[in-house]
Amino acid sequence: MRKYYLFIIKPEYHKLYKSKSNVLYQTLYNLHQLKEPNLYYGISLFDSVCQPFAIKLLNNYISNRYTCTMKSDKIIQIHSIQERTFLQINYSSCIVKSNVNFPEILKVFHIYNKKIFVCDFFNEDYFWLNDQMQKRK
């Protein structure tokens, strides 16, 4: 299963990192690995680079568009014949866990915001969601 972390990048940083995705990935990876003594620094850096997700809006849209089940208070299982996908929508990031490389739910996030950066920290993979959507057309 792939585990994708989705981040909305603020417009000024989107312009800065659009052609330097590896630098943005490394920054987000370091924030992901951050330990408690440096937490305040990490939160400050994160807030300067990333925008929050609208949790209620996304939860409502997804639950109306897809057949899904709440697995816990935060984890949604999206029912599909072709894939097995779980979604966790947080203020800071969204986590998509799926048995396919490009789950259907990513299309919703592409509609939601064009400046989403996707990271798979375990497989050291990353991409701009908008670029992947353009390739798939």
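The values are calculated or read from the model by the stated rules, or taken from the named source; none is laboratory data. Keep in mind the model is a prediction, meaning the values are calculated, not measured. Every residue, glycine among them, receives a Cβ derived from its backbone with ideal geometry; neighbour counts consider all protein chains shown. SASA here: full protein model, heavy atoms, side chains in, ligands and nucleic acids out. Shrake-Rupley method; radii C 1.70, N 1.55, O 1.52, S 1.80 Å.
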- Query: What trypsin sites (Lys or Arg not before Pro) in the stretch 12-45 are in a loop by DSSP, with at most 14 other Cβ atoms within 10 Å of the Cβ?
  - Reply: LYS20, LYS35
- Query: Projected onto the charge dipole of the chain (+1 at Lys/Arg Cβ, -1 at Asp/Glu Cβ, origin at the Cα centre), which of SER92, LEU6, SER48 gives the Cα projection farthest towards the positive end?
  - Reply: LEU6
- For the stretch 53-103, treating each Cα as an identical point scatterer without solvent, what Debye log10 I(q)/I(0) comes out at q = 0.15, 0.21, 0.24, 0.31 1/Å? -0.37, -0.73, -0.95, -1.35
- Item | Whole-Hz couplings from phi, Karplus 6.51/-1.76/1.60, listed for the stretch 114-124; x for Gly and Pro | 8, 10, 9, 10, 10, 10, 10, 5, 5, 9, 6
- Value of [θ]222 nm, deg cm²/dmol, for the chain, DSSP H segments ≥ 4, -39500 (n - 2.57) each, nearest 500: -11500 deg cm²/dmol
- Item | Magnitude of the charge dipole, the stretch 65-115, Cβ model with Lys/Arg +1 and Asp/Glu -1, debye to 20 | 140
- Query: When the accessible area of the stretch 30-137 is computed with all protein chains present and a 1.4 Å probe, what percentage of it is carbon and sulfur?
  - Reply: 50
- Item | Using distinct alpha-carbon pairs, which all enter the 1/r mean, Kirkwood radius of the stretch 90-137 in Å | 11.4
- Query: Can you work out the base-10 log of I(q)/I(0) for the chain at q = 0.09, 0.18 1/Å, using the Debye formula on its C-alpha atoms alone?
  - Reply: -0.26, -1.07
- Select from SER92, SER72, SER21 the residue whose mean-square fluctuation is largest in a Gaussian network model of the chain (Cα-Cα springs shorter than 10 Å). SER72
- Binned at 10 Å from zero, the C-alpha pair distances of the stretch 6-82 give percents of 15, 34, 29, 22, 1
- Of CYS68, CYS94, CYS50, the one that fluctuates the most in a GNM where the chain has Cα springs shorter than 10 Å: CYS68
- Item | Accessible area of the chain divided out per residue, in Å², using a probe of 1.4 angstrom | 61
- Note on the structure: The whole-number value in µm²/s of the Stokes-Einstein translational diffusion coefficient for the stretch 1-42, with Rh from the Kirkwood sum over alpha carbon pairs at 10 °C and 1.306 mPa s, is 135
- Query: Most mobile of TYR40, TYR29, TYR91 per a Gaussian network model of the chain (Cα springs, under 10 Å)?
  - Reply: TYR40
